[in-house]
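Here's the structure we're looking at; comments come further down.
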Amino acid sequence: MQIVEIYKSLQGESSYAGLPCVFVRLAGCNLRCTWCDSEYTFTGGHRMTLEEVEQEVHQLSPGGGLVEITGGEPLLQERAVVPLMERLLASGYTVLLETSGERPLDKVPRQVIKIVDVKCPDSGEGDTFRIENLDALTPHDEVKFVVASRRDYEFARQFIEQHALIARVASVILSPAFRKDAAGSRDVSHCLVDPRELAEWILADGLNARLGLQIHKFIWEPSLKGV
Ligand code: SF4
């Protein structure tokens, strides 16, 4: 499979945020979100066998722990990534899969925790979520909305209500979008929506969703890769 990087850091943007995690970042994406901070994954990477990836994960986190399969869009390499997830599960890892939900999710092993990033209109990739994927969500999965405006928030709120998401998955997360050229200071000035404003919208609407912050961008310099 085509891999950009494998590294260990803290999980940054789900209800697992803050836990040590090995990231397996696959190359290639079929979307072009306006605020994407992973454009370096669109091309390149290097070929690795399933065994090589597995071995590197074992070296970085011997004996289990959290592994996140991410990208890019990892399900563009479904034929390789599904067996990889199966093998990591069999070795005792907790496996997270970060995906936009544009590709079918029905082949993803059920024990994998899917973190599905449903694209809002201001991402420029709204309407890309494959609606049949709602049936593939399990109670341990998570759905995330990256919010860049009040319009995005309204889209997310309606989507959550229309599809009864709160009852369907373990966590529904609303996360302020980060400016893609963010660099320097580690603070909320890089957020396209002020987290306080987003918190107030959630509270005013009585929405039982979690406010998420990309904590790695507050711990490390926001333009740093591989953290
Ligand atoms: S789906 Fe993810 S990797 Fe692809 S363009 Fe959007 S943010 Fe970037």
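On inspection, residue 146 passes the criterion of being within 16 Å of the ligand (Cβ to nearest atom), at pLDDT 95 or above and under 15 Å from the mean Cα position of the chain (by Cα). Scan region 209-219 and tell me whether some residue there is surrounded by 21 or more Cβ atoms within 10 Å (Cβ to Cβ) and touching a Ser or Thr at 6+ places or on another chain (Cβ under 6 Å). There is at least one residue in region 209-219 that is surrounded by 21 or more Cβ atoms within 10 Å (Cβ to Cβ) and touching a Ser or Thr at 6+ places or on another chain (Cβ under 6 Å).
If you check 102, 161 for being among the charged types (D, E, K, R) and either touching an Asp or Glu at 6+ places or on another chain (Cβ under 7 Å) or touching a residue at least 40 places away in the same chain (Cβ under 8 Å) (or both), only one passes: 102. Could you run through region 16-56 and say how many residues are crowded, with 16+ Cβ neighbours inside 10 Å, hydroxyl-bearing (Ser, Thr, Tyr) and more than 14 Å from the ligand (Cβ to nearest atom)? Total satisfying the criteria: 1. Checked against (1) surrounded by fewer than 15 Cβ atoms within 10 Å (Cβ to Cβ); (2) more than 14 Å from the ligand (Cβ to nearest atom), residue 80 meets all criteria but (1). In this structure, residue 225 does satisfy being under 26 Å from residue 4 (Cβ atoms) and part of a loop (DSSP other than H, G, I, E, B). The set of residues from region 127-166 being surrounded by fewer than 14 Cβ atoms within 10 Å (Cβ to Cβ) and in a helix (DSSP H, G or I) comprises 131, 132, 135, 150, 151, 158, 161, 162. Listed conditions (1) at pLDDT 85 or above; (2) open to solvent by 50 Å² or more (accessible area, probe 1.4 Å) are all met by residue 180, apart from (1).
The values are calculated or read from the model by the stated rules, or taken from the named source; none is laboratory data. The structure displayed is predicted, hence computed values, not measured ones. We place every Cβ from the backbone using ideal geometry, glycine too, and count neighbours over all the protein chains shown. For accessibility, only protein heavy atoms count, side chains too; no ligands or nucleic acids. Shrake-Rupley method; radii C 1.70, N 1.55, O 1.52, S 1.80 Å.
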